1. Among (1) within 30 Å of Leu272 (Cβ to Cβ); (2) outside any helix (DSSP H, G or I), there is one condition Gln94 misses while meeting the rest; what is its number?
2. Being in contact with a Phe, Trp or Tyr (Cβ under 7 Å, 6 or more places away or on another chain) and open to solvent by 10 Å² or more (accessible area, probe 1.4 Å) is the filter here, so list the residues in the range 270-283 that pass it.
3. So the check is Cβ under 7 Å with 6+ separation or different chains; which pairs have a first residue in the range 13-40 that's open to solvent by 60 Å² or more (accessible area, probe 1.4 Å) and a second one that's basic (Lys, Arg) and modelled with pLDDT of 90 or more?
4. When you go through Glu93, Glu68 one by one, which is the residue that is out of contact with any helix residue (DSSP H, G or I) (no Cβ under 7 Å at 6 or more places or on another chain), among the acidic types (Asp, Glu) and farther than 18 Å from Phe22 by Cβ?
5. Could you list, in sequence order, all residues of the range 206-230 that are exposed (fewer than 12 other Cβ atoms within 10 Å of the Cβ) and either within 30 Å of Gly103 (Cβ to Cβ) or among the aliphatic types (A, V, I, L, M) (or both)?
6. Just checking, how many residues over the range 80-90 are farther than 14 Å from Ala102 by Cβ and surrounded by 14 or more Cβ atoms within 10 Å (Cβ to Cβ)?
7. When you look at Leu274, is it over 20 Å from Phe158 (Cβ atoms) and outside any loop (DSSP other than H, G, I, E, B), yes or no?
8. Please verify whether Arg318 is outside any helix (DSSP H, G or I), open to solvent by 10 Å² or more (accessible area, probe 1.4 Å) and basic (Lys, Arg), treating the condition exactly as stated.
Amino acid sequence: MGEDWGHFDEELERARVAWLYFIGGQTQQEIAQRMNITRLKVNKIIGQVRESGSVQVNVSLPLTDCIELAEKVSARYGLVDALVVPDLDDYLEQKRVIGEAAGSLASELIEGRDMGVGIGSGRTLSFAVRSLRARPKSESWVVGLTGGVTSGSATNTFEVATAFARALGVECHYLTAPIYCANPESRNALLLNDELTDVLARTEIADIGIVSCGALAQDTSLTQIRVVKDNLDTVLKRGAVGEFMGWFLDARGQAIDHFLNDSIIALPPDKLKLKPISVLVSGGIRKIPIIRAILRAGYVNRLVTNEGVARALLQGPR
């Protein structure tokens with residue numbers, strides 16, 4: 001039994017070194033310090049992994065502890081599936097590996113099917129396109145699930161949806177409106193436009209929704225929108241722990257009572273909940289409250305995140 005566990009620990013160490021080096025982009029010195037082993041040993045493991053053919057496009061060695069975390073999170077929150085990647089110190093690199101893992105998962109779900117694909121916004125989702133390899137049937141289409149922000153950005157829902165559609169080789173549909181209107185009356189006036197309501201209908205009938213979420217920090221793209229920036233204090237005072245497709249949710253995952261939630265152009269979370277496939281792609285410690293809220297409300301049936309978030313989700317009350 002002791003020999004088996006020793007072999008298991010060695011395989012786990014090899015897998016983690018390989019992942020951090022080939023996927024996480026860390027240097028041998030950084031890995032040695034992180035794992036408290038010598039740089040010589042890191043170099044030796046990388047050489048062995050290369051020679052064994054374990055590294056191709058992706059590292060094929062299983063990260064057993066991440067798999068175990070994913071299974072526990074799935075069981076606790078009633079998910080169909082979860083995918084957990086190792087923690088990285090670099091914030092942007094963490095987003096990249098979460099996004100690329102989500103792209104691989106999405107490829108498996110979309111490949112060879114005739115389906116509508118709903119896409120959210122955010123930097124993490126923009127990275128997912130890099131590993132998207134699926135070829136759906138030609139009748140498939142992509143739709144952005146939210147209105148847009150007024151400043152251009154590669155993380156804007158228009159750009160992310162366009163990138164997904166281009167990678168899949170299918171047509172794209174957009175909610176050509178701002179994500180937030182000035183007030184509910186302005187929203188109602190916009191919804192008199194038949195083309196806009198047709199696209200909103202597409203957001204509801206899309207078979208799969210791939211979305212992210214955000215913390216309510218001052219430096220996020222959403223909180224830079226003037227109407228959000230001017231009302232962020234009241235949003236927080238009313239109990240919001242984050243935003244999900246632009247909707248401000250409390251710790252139970254319910255939309256707070258605020259005019260921004262009454263003025264939004266986006267698929268409602270309750271509609272996402274009805275989809276056969278719904279994937280939340282998000283990580284980072286400051287997003288734990290909103291990720292937990294989304295899972296509590298059951299808005300998604302799949303999750304892609306990092307180790308630190310997965311461990312936090314398993315602590316405390318569900």
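1. (2) is the only condition that Gln94 fails.
2. Matches in the range 270-283: Lys273 only.
3. Going by the 7 Å Cβ cut-off, the qualifying pairs are Gln29/Arg39.
4. Numbers: Glu93 fails: farther than 18 Å from Phe22 by Cβ.
Sole residue among the options that is out of contact with any helix residue (DSSP H, G or I) (no Cβ under 7 Å at 6 or more places or on another chain), among the acidic types (Asp, Glu) and farther than 18 Å from Phe22 by Cβ: Glu68.
5. Once the filter is applied, which keeps residues that are exposed (fewer than 12 other Cβ atoms within 10 Å of the Cβ) and either within 30 Å of Gly103 (Cβ to Cβ) or among the aliphatic types (A, V, I, L, M) (or both), the range 206-230 yields Gln218, Asp219.
6. Summing the residues that are farther than 14 Å from Ala102 by Cβ and surrounded by 14 or more Cβ atoms within 10 Å (Cβ to Cβ) in the range 80-90 gives 3.
7. no
8. On the way: outside any helix (DSSP H, G or I): yes; open to solvent by 10 Å² or more (accessible area, probe 1.4 Å): yes; basic (Lys, Arg): yes.
The answer is yes for Arg318.
The values are calculated or read from the model by the stated rules, or taken from the named source; none is laboratory data. Just so we're clear, the structure is a prediction, and the values are computed from it rather than from any experiment. Using ideal geometry, Cβ is built from the backbone for each residue, glycine included, and neighbour counts are taken over all protein chains shown. These area figures cover heavy atoms from the full protein model, side chains too; ligands, DNA and RNA do not enter into them. Shrake-Rupley method; radii C 1.70, N 1.55, O 1.52, S 1.80 Å.
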